[in-house]
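Here the structure is laid out as structure tokens; the discussion comes afterwards.
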Amino acid sequence: VISATGGFAGKQEMMGEYIDNEYFPFDGGWGVVGSTQNDGKIIQSAIDIGAATYNINMPPEWHNAATPILLSSQEVIASDDPNDTHNKFLPQAYSLNDLPTILGSSANVLQVNKLGERFNAESIQFRGPNSGNIFYGIQSQASLDAIAENGLTSQRYSGFVNIGGWYLNDPIPEVYDIVEECIDLGICHKADTLEELESMLNMPEGSLTATVERYNELCEKGVDDDFGKDPMYLESIAEEGPYYAFEIQEYIYNTLGGLDVNEDLAVLNEAGEPIPGLYAVGNDCTGVLFTNENVYPSYGGIDMSWCYTSG
């Protein structure tokens, strides 16, 4: 038997059971980009007959983040310009359905994890899982008013999850209605003060307020001493509310950790001995290449190369 089932990203229960990592704040499931037939049946059956695992609790593989619920209420505008391409292959499309993701994950937005702590330079392309499986983008009423009047100055959306973003510097008076829709869907949280928002999100007392205070200091200074964010994206949080937290979920390609194998790709038991007739390749055993203390590299291709090589 050759186990080549692509990991267990299609089984949220298995991810919840096995991806429990002391190094990263995981406490829930992920969105999944792509097919979800990789439900872990074969991996679990191997474990059931005594197969050992290797780094099965390591962070999954992801490069995408978007709101847990994607809007469909707004118009989709397709470009007829042949030079206007999306992901190099598809015609570009624009939609305000992507606005919640933009408001929560763009480079000029303060982003915090479930503990109310900043975890990355928001201007980088790929985020590490110090965010956990979700993070929050913090907006003020003043920032929403500016978007309504003047439009977006920066945007990031997930090319594999969202539609294609929206135009920059184009007034978006619809922002208020879209935010209300997000609040109704539970993917945006609104509070009059940062303390109230902190409590609403079950963050440690004082964590979010301290993070915002520190972030505003860095914005005023014009230098991000904590994470090295590009200064052009340092935009402070207004001193008056209301405040909004847009929930952003990590969308993974697949899990990485799985069965333990030797150099012949034979699956090993807990004693390190091959189980006769059982082998594993690809995402069913990618954990042997990595450590659960670090994340999948922030550029693509390594996992694919292992699938080719092991297969």
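Applying 1/(1 + (r/R0)^6) with R0 = 25 Å to the Cβ-Cβ distance of N262 and T291, what FRET efficiency is obtained, to the nearest 0.05? Calculated transfer efficiency: 0.85.
When the dipole is taken about the Cα centre of region 104-220, and only Lys, Arg (+1) and Asp, Glu (-1) are charged at their Cβ, what size is it in debye, to the nearest 20? Working shown, then result.
Numbers: 6 positive and 18 negative charges, 136 e Å.
Taking the Cα centre of region 104-220 as origin, the dipole is about 660 debye.
Averaged over its residues, region 248-288 has an accessible area of 36 Å² per residue, based on protein heavy atoms and a 1.4 Å probe. The Cβ shell under 15 Å around E273 holds other residues with a net charge of -4, Lys and Arg each +1, Asp and Glu each -1.
For region 277-292, the Karplus equation 6.51 cos²θ - 1.76 cosθ + 1.60, evaluated at θ = phi - 60°, returns couplings of x, 10, 10, 9, 9, x, 5, 6, 8, 4, x, 5, 8, 10, 10, 6 Hz by residue, with Gly and Pro reported as x. Shown in residue order for region 47-53 are the 3J(HN,Hα) couplings computed by the Karplus curve 6.51 cos²θ - 1.76 cosθ + 1.60 at θ = phi - 60°: 4, 5, 9, x, 5, 8, 10 Hz (x for Gly and Pro). When the charge dipole of the chain is built from unit charges on Cβ atoms (+1 for Lys and Arg, -1 for Asp and Glu) and taken about the Cα centre, the candidate among G241, I187, M203 whose Cα reaches farthest toward its positive end is I187. Taking each residue as 0.36 nm, the span from E75 to K221 lengthens on full extension beyond its C-alpha to C-alpha distance by 48.5 nm.
Around the amide H of L278, modelled in the peptide plane, lie the amide H atoms of V267, all under 5 Å away and 5 or more residues distant in sequence or on another chain.
For Y54, nonlocal amide neighbours, meaning residues 5 or more places apart or on other chains whose placed amide H falls under 5 Å from its own, are G258, L259, D260.
For region 22-130, the list of GluC sites (Glu not before Pro) that fall in a loop by DSSP and count at most 12 other C-beta atoms within 10 angstrom reads E22, E75. At a Förster distance of 51 Å, what's the computed FRET efficiency of E180 paired with S45, Cβ-Cβ distance as r, to 0.05? After rounding, the FRET efficiency stands at 0.60.
Computed in the context of the full set of protein chains, the accessible area of the chain at 1.4 Å probe radius has 49% of its extent on carbon or sulfur. Highest mean packing comes first when the peptides 263-269, 9-15 are listed by Cβ atoms within 10 Å, giving 9-15, 263-269.
Partnerless cysteines in the chain, where a partner means another cysteine C-beta under 4.7 angstrom, comprise C219, C285, C307. Amide H to amide H distances under 5 Å link D84 with no residue, where only residues 5 or more positions off or on other chains count and H is placed in the peptide plane. Shown here for region 168-219: GluC sites (Glu not before Pro) in loop regions (DSSP other than H, G, I, E, B) with at most 11 other Cβ atoms within 10 Å, namely E205.
Over the chain, dividing the summed -39,500 (n - 2.57) contributions of all DSSP H runs of at least 4 residues by the number of residues returns a 222 nm mean residue ellipticity of -7000 deg cm²/dmol. Pairs of Cα atoms nearer than 8 Å and 6+ residues apart set the relative contact order; for region 168-296 it is 19 percent.
The values are calculated or read from the model by the stated rules, or taken from the named source; none is laboratory data. Quick caveat, the model's predicted, so the values are computed rather than measured. Every residue, glycine among them, receives a Cβ derived from its backbone with ideal geometry; neighbour counts consider all protein chains shown. Side chains are part of the model used for accessible areas, which takes the heavy atoms of the whole protein and leaves out ligands, DNA and RNA. Shrake-Rupley method; radii C 1.70, N 1.55, O 1.52, S 1.80 Å.
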